[in-house]
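Asks: Got a structure for you, written out below as structure tokens; questions coming shortly.
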Protein chains: 6
Amino acid sequence: MFSVTVRDHMMIAHSFRGEVFGPAQRLHGATFVVDATFSRMELDSDGIVVDIGRATEELRGALGDLNYRNLDEVPELAGRNTTTEVLAQLIADRLAGSVEEGRLGPSAGGLAGIAVTLHESHIAWATYERTL
Amino acid sequence: MFSVTVRDHMMIAHSFRGEVFGPAQRLHGATFVVDATFSRMELDSDGIVVDIGRATEELRGALGDLNYRNLDEVPELAGRNTTTEVLAQLIADRLAGSVEEGRLGPSAGGLAGIAVTLHESHIAWATYERTL
Amino acid sequence: MFSVTVRDHMMIAHSFRGEVFGPAQRLHGATFVVDATFSRMELDSDGIVVDIGRATEELRGALGDLNYRNLDEVPELAGRNTTTEVLAQLIADRLAGSVEEGRLGPSAGGLAGIAVTLHESHIAWATYERTL
Amino acid sequence: MFSVTVRDHMMIAHSFRGEVFGPAQRLHGATFVVDATFSRMELDSDGIVVDIGRATEELRGALGDLNYRNLDEVPELAGRNTTTEVLAQLIADRLAGSVEEGRLGPSAGGLAGIAVTLHESHIAWATYERTL
Amino acid sequence: MFSVTVRDHMMIAHSFRGEVFGPAQRLHGATFVVDATFSRMELDSDGIVVDIGRATEELRGALGDLNYRNLDEVPELAGRNTTTEVLAQLIADRLAGSVEEGRLGPSAGGLAGIAVTLHESHIAWATYERTL
Amino acid sequence: MFSVTVRDHMMIAHSFRGEVFGPAQRLHGATFVVDATFSRMELDSDGIVVDIGRATEELRGALGDLNYRNLDEVPELAGRNTTTEVLAQLIADRLAGSVEEGRLGPSAGGLAGIAVTLHESHIAWATYERTL
């Protein structure tokens, strides 16, 4: 199995509902350093997993409408806790859409899975992985 | 699959028995930067893998009686080489106990696995992963 | 010259005023990984720059009323852009207060300077350093 | 499952053929920070996955004829794009050879898999993993 | 004293002349992770050291004609060893030019110094710092 | 001013005397990731601060009789608290000796200073810097 990972980040505000979140129920924020991993069984004819330039652009695109936002006011996320886990899934699903719509190039059809890790600090991070 | 990781560390002394260990057969020590990863198939009703505050506390607890110790003198570890691998398993098993005893909260029953990585330096680390 | 650094972090929301900030004029947020460095010419009689336990506590204290907050609503910061640079200075000045008030222990009177670095992402950080 | 990882690096020049590579079709270069991970189900009688000293030596050996080279002129690699992915596979396969030839010690026969990650920058890396 | 640092990278090929360089006399390459630090005594009226967006653009610009190149063939560098130290100075001097030509904005005239660090691997880096 | 830094590490056991050290008065241990920085005003005729190969060897040599040791039993350190700060000074002074004795090469006479940083964990480190 091969995989390639690209890294970007976003800076957002949000708040959580639920006693389990303690002080994070208040409006606060986070820098999420985001790692997107694309995997496949065999390399394409160029010897790559995915066009790393396109992967970087699609990751940036997946973060674009979240970056520099208060997620409490993003309609797509209304009524949900935008935890690190939930955001990892959202971004992975968006990248899966990029693959399906051909924006990662023709050979990206051979991709088998996507994993997205969001680092919320130097001591905590979350990952969501899915098949394609 | 979702996962959440929290990081802590411990500083211990120990020695190894066996020629394979070379100079590490002498009494020496290590800082282990410890990453504990909890995984599950679906998020709980709060949108999380595990209460990150409790996970951090349980990890600290799992390291507590090892930290600032000479492991050669810890009764639970008597007669064993306390390699990075062995310690990763010990800590993962302790965290599995935390889950089973309910100390990670009621929804932690949905956890599927635990992985523990111990970084012994910037150029070497070991991981143990197990199901729950 | 000797120095010791301890690391902690905080997660905040804020917004900026001024065209130079572009999209960061919107309410957004950041995780700041905070490094506090204490320096002095000679070590104290214990062979240390500062009691690292107390330094860690004072750093945590210096971040306490900012962490999990919307800085736009913190009275002490009213009317100021809470840039990474401004926050580095605020935290360094608070730690200088800790030294002056004796909360870092009696030998901390020998400290010569404090520097505080706030990492806002994996590709940007800011530092403020001052004498004592 | 247990694993142990050791890290080394190499500094190479190369160029790629194919429009997908854009400016990287020109002769350029890379530092690859290389992580080699060895895994197995049970520890050996010393309580380890693999002799970490030998693993480090074998990794260094696997990089030896590539390091400080222009890969475009290495006969073994003629006619191939030496992408990060391709190099990860090459190094993993060489390490698999080390295991098979007994250079990682007698108990290394219990190893189940090898994964090799090449970090080409702080924002991109690739992994190849295989069974033994 | 305040400072702000931004990070980018470049991937180049080159070779060195001189016995001191050993195998690095051969054509090889490097990824340089580049940190550019701007410093000043007082913040500007926006509360910043420098417009971080412009700083990032200027750093990218300073690396532009070096990135994905064989430095042995860059006319500006002819006859020089393009060591990590030499490249750090080159980039710092280019950024000083950016400041002098006003490309970092009007308040950048208050900048006091620039430092550039090039990381050539996880175990080696070089810095050049200069006044403005 | 130019500088070059090389990184190595050592794994030691030790204990401290003094109430300020709390549980670290017990025999415990540490991995110290050690960064040695050499600085000078102008580069030598090869375009370097120091022969990085020799610098790496000398750093390894400076750590050699400490690595895999219980520092409480090293005669040179008898009666001293081997704090991170004290060890940073010891290693810097040893490297200064390397320079003075010519082991870093003839042009190393132009070196102006040495700084040594010991990272004891991901959240704490200490530095000692001196002139030559």
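The values are calculated or read from the model by the stated rules, or taken from the named source; none is laboratory data. Predicted model only: the values in this text are computed from it and were never measured. Counting neighbours? That spans all protein chains shown, and the Cβs are built from the backbone with ideal geometry, glycine included. Surface accessibility is based on the protein's heavy atoms, side chains included, excluding ligands, DNA and RNA. Shrake-Rupley method; radii C 1.70, N 1.55, O 1.52, S 1.80 Å.
Asks: Other chains' Cβ within 10 Å of C:51-58 residues: what's the mean?
Replies: 3
Asks: While we're on this one: Which whole-number percentage describes the relative contact order of chain C, with Cα contacts under 8 Å and a sequence gap of 6 or more?
Replies: Result for chain C is 30 percent.
Asks: Mind checking the mean number of beta-carbon atoms from other chains within 10 Å of the Cβ atoms in E:70-76?
Replies: Mean shielding by partner chains, rounded to a whole number: 2.
Asks: Where only protein heavy atoms count, and the probe is 1.4 Å, what is the accessible area per residue for the protein assembly as shown in Å²?
Replies: Ligands and nucleic acids excluded, the figure is 38 Å² per residue.
Asks: Quick one: among B:Arg17, B:Arg40, B:Arg94, which has the greatest mean-square fluctuation in a GNM of chain B with alpha-carbon springs under 10 angstrom?
Replies: B:Arg17
Asks: Distances from F:Gly109 to the same residue in each other copy, label points 7 Å out along Cα→Cβ, in nm, shortest first?
Replies: 4.6, 4.6, 6.1, 7.1, 7.9
Asks: Among D:62-75, E:96-109, F:25-38, how do they line up from the highest to the lowest mean number of other beta-carbon atoms within 10 Å?
Replies: Top to bottom by mean Cβ count within 10 Å: F:25-38, D:62-75, E:96-109.
Asks: B:Thr131 label points, 7 Å along Cα→Cβ, one per copy: pairwise distances from this copy to the rest in nm, shortest first?
Replies: 1.7, 1.7, 6.6, 6.7, 6.9
Asks: Give me the Kirkwood hydrodynamic radius of the protein assembly as shown, using the inverse of the mean 1/r over all pairs of distinct Cα atoms, in Å to one decimal.
Replies: 27.4 Å is the Kirkwood radius here.
Asks: Apply the Debye scattering formula to region A:1-116, with a single equal point scatterer on each alpha-carbon and no solvent, then give log10 I(q)/I(0) at q = 0.16, 0.20, 0.22, 0.23 Å⁻¹.
Replies: After summing over all Cα pairs, the log10 values are -0.74, -1.00, -1.15, -1.23.
Asks: Taking the axis that carries chain B onto chain E, what is the nearest Cβ in chain B, and at how many Å, to the whole number?
Replies: Residue with the nearest Cβ, plus whole-Å distance, for chain B: B:His122, 3.
Asks: Placing the label point 7 Å from Cα along the Cα-to-Cβ direction, what are the distances from A:Glu76 to the equivalent spots in the other copies, shortest first, in nm to one decimal?
Replies: 3.8, 4.0, 4.5, 4.5, 6.0
Asks: Would you tell me the mean number of C-beta atoms belonging to other protein chains that fall within 10 Å of each C-beta in D:16-24, as a whole number?
Replies: That works out to 5 on average.
Asks: For chain E, find the longest principal axis of its Cα atoms and tell me its angle to the long axis of helix E:84-100, 0 to 90°, nearest 10.
Replies: 30 degrees
Asks: Could you state the orientation-averaged shadow area of the convex hull built on the Cα atoms of region F:1-54, in nm² to one decimal?
Replies: If I average the Cα hull's projected area over directions, I get 5.6 nm².
Asks: Just for chain E, what percent of DSSP beta bridges are antiparallel, to the closest 5?
Replies: 95 percent
Asks: Ranking request for peptides F:7-13, A:55-61: highest mean number of other beta-carbon atoms within 10 Å first, then the rest in descending order.
Replies: Averaged packing, sorted descending, gives the order F:7-13, A:55-61.
Asks: Can you compute the helix-only [θ] at 222 nm over chain D? Use -39500 (n - 2.57) per DSSP H run of at least 4 residues, normalise by all residues, nearest 500 deg cm²/dmol.
Replies: -7500 deg cm²/dmol
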